[in-house]
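K.L.:
My structure is below; once you've seen it, I'll send some questions.
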Amino acid sequence: MLSRVPAGTLSRAARFASQRASAGLPGARASSVRFASSASASSSAFQSFVNSRATLAASTLLAVGSIAWYTHLYGGLPFLGQVHASALSDEGLHPTAYPWPHKGFFDTFDHASIRRGYLVYREVCSSCHSLDRIAWRNLVGVSHTVDEVKAMAEEVEYEDGPDDQGEMFQRPGKLSDYMPPPYPNEEAARASNGGALPPDLSLIIKARHGGADYVFSLLTGYVDPPAGIEVREGLNYNPYFPGGAIAMARVLFDGLVEYDDGTPATTSQMAKDVVTFLNWAAEPEHDERKKTGLKAVILFSALTALSLYVKRFKWTVVKNRKIIYNPPADKHL
């Protein structure tokens with residue numbers, strides 16, 4: 001069919017189309033708009049997505065999170081050198097990460113272990129270390145009953161007063177009293193321990209790098225010093241302690257205490273129980289915090305789903321409407 005059309009006809013049609021395009025006629029405008037929208041829609045959408053602030057923030061967060069996670073796992077970045085003011089051995093051996101029962105997002109403390117850990121603290125640790133932030137009442141409902149805690153508190157004499165005559169007096173302990181310290185003051189504690197001050201154990205898990213893993217490794221890590229290392233008199237070698245020399249001697253031995261539930265009192269078992277107890281002492285609200293967090297996640301997830309549904313319901317009319325433009329008819333044609 002095209003071979004039968006004269007060449008002049010084709011040239012006249014081309015000139016007529018160019019004249020309509022240059023004159024800005026409606027038909028030419030509509031065709032050009034349709035062509036531009038169909039050809040560049042996907043590319044413009046991709047460019048807007050790449051150049052959006054949300055994409056920039058997401059990529060930045062991904063990069064920072066990856067670097068932070070790598071640093072958490074391996075302690076540093078391979079392309080950055082590390083400068084230390086002291087030898088790495090002065091920081092102590094890095095403890096092993098143990099699978100504690102309360103380590104998961106939905107896991108709680110082993111309360112039987114807390115009860116056994118308190119027994120180890122009372123029989124072994126309380127002779128040197130205090131627990132200033134824990135009152136007798138904190139044990140109620142966690143590891144002991146009310147009657148058991150009252151009986152334990154009454155075994156301790158507390159100074160109270162003054163009485164009607166202005167004199168101080170001794171009385172049995174109450175649930176509101178805090179656990180008694182082993183020494184009356186800091187000077188007495190240093191004098192009884194060769195100048196070293198035994199730290200308070202209320203927040204020891206949070207105060208030490210490595211937390212529960214470090215304290216457990218420290219309690220079970222006493223060994224003879226290797227060849228070439230000399231430990232001063234009065235100190236003990238423990239590779240997990242910074243510097244390797246610690247004033248506290250080994251205190252946990254097999255069969256040192258007798259558990260009420262019949263659990264074998266091995267060194268590792270006693271260390272695990274007392275670390276669990278100290279972890280609870282550093283964070284008594286641990287179990288309640290996780291329960292509250294789970295409730296909050298469920299509540300806010302439901303609210304988020306409800307808000308998304310309402311938003312979609314309200315905006316669906318606006319987003320799905322169709323706008324049609326009918327250009328005015330050209331009266332000159």
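K.L.:
Of Arg122, Arg115, which residue is open to solvent by 90 Å² or more (accessible area, probe 1.4 Å), in a helix (DSSP H, G or I), modelled with pLDDT of 75 or more and closer than 22 Å to Thr267 by Cα? Steps first, please.
P.N.:
Details: Arg115 fails: open to solvent by 90 Å² or more (accessible area, probe 1.4 Å).
Residue meeting the stated conditions: Arg122.
K.L.:
Give the residues of the stretch 128-163 that are modelled with pLDDT under 95 and in a helix (DSSP H, G or I), sorted by residue number.
P.N.:
Of everything in the stretch 128-163, nothing turns out to be modelled with pLDDT under 95 and in a helix (DSSP H, G or I).
K.L.:
Tell me yes or no: at least one residue of the stretch 299-313 is open to solvent by 90 Å² or more (accessible area, probe 1.4 Å) and either in contact with an Asp or Glu (Cβ under 9 Å, 6 or more places away or on another chain) or under 30 Å from Gly141 (Cβ atoms) (or both).
P.N.:
yes
K.L.:
Kindly indicate whether Thr304 is within 24 Å of the chain's Cα centre (by Cα) and free of Cβ contacts under 8 Å to residues at least 60 places away in the same chain.
P.N.:
Yes, satisfied.
K.L.:
Among the residues in the stretch 323-331, are any among the polar types (S, T, N, Q), open to solvent by less than 80 Å² (accessible area, probe 1.4 Å) and on the phi < 0 side of the Ramachandran plot?
P.N.:
Checked against the condition, which is being among the polar types (S, T, N, Q), open to solvent by less than 80 Å² (accessible area, probe 1.4 Å) and on the phi < 0 side of the Ramachandran plot, the stretch 323-331 yields no hits at all.
K.L.:
Let me ask you something else. For the stretch 178-283, please list each of the helices (runs of 4 or more DSSP H) lying entirely inside it that holds at least 2 residues being of a type in the set (Ser, Thr, Tyr) and either over 21 Å from Asn138 (Cβ atoms) or touching a residue at least 12 places away in the same chain (Cβ under 8 Å) (or both).
P.N.:
Answer list for the stretch 178-283: 211-220, 267-282.
K.L.:
Another question, if that's okay. Taking Gly173, is it more than 16 Å from Met248 (Cα to Cα), open to solvent by less than 70 Å² (accessible area, probe 1.4 Å), in contact (Cβ under 8 Å) with a residue 12 or more places away in the chain and not aromatic (Phe, Trp, Tyr)?
P.N.:
So Gly173 passes the test.
K.L.:
Which of the residues spanning the stretch 270-298 are within 15 Å of Phe216 (Cα to Cα), of a type outside the set (Gly, Ala, Ser) and open to solvent by less than 40 Å² (accessible area, probe 1.4 Å)?
P.N.:
The answer is Met270, Asp273, Val274, Val275, Thr276, Phe277, Leu278, Asn279, Trp280.
K.L.:
Which ones in the stretch 231-250 are crowded, with 17+ Cβ neighbours inside 10 Å and β-branched (Val, Ile, Thr)?
P.N.:
Ile246
The values are calculated or read from the model by the stated rules, or taken from the named source; none is laboratory data. Just so we're clear, the structure is a prediction, and the values are computed from it rather than from any experiment. For neighbour counting, all protein chains shown are included, and Cβ atoms are generated from backbone atoms with ideal geometry for every residue, glycine included. Please note that ligands, DNA and RNA were not included when accessible areas were found on the heavy atoms of the full protein model with its side chains. Shrake-Rupley method; radii C 1.70, N 1.55, O 1.52, S 1.80 Å.
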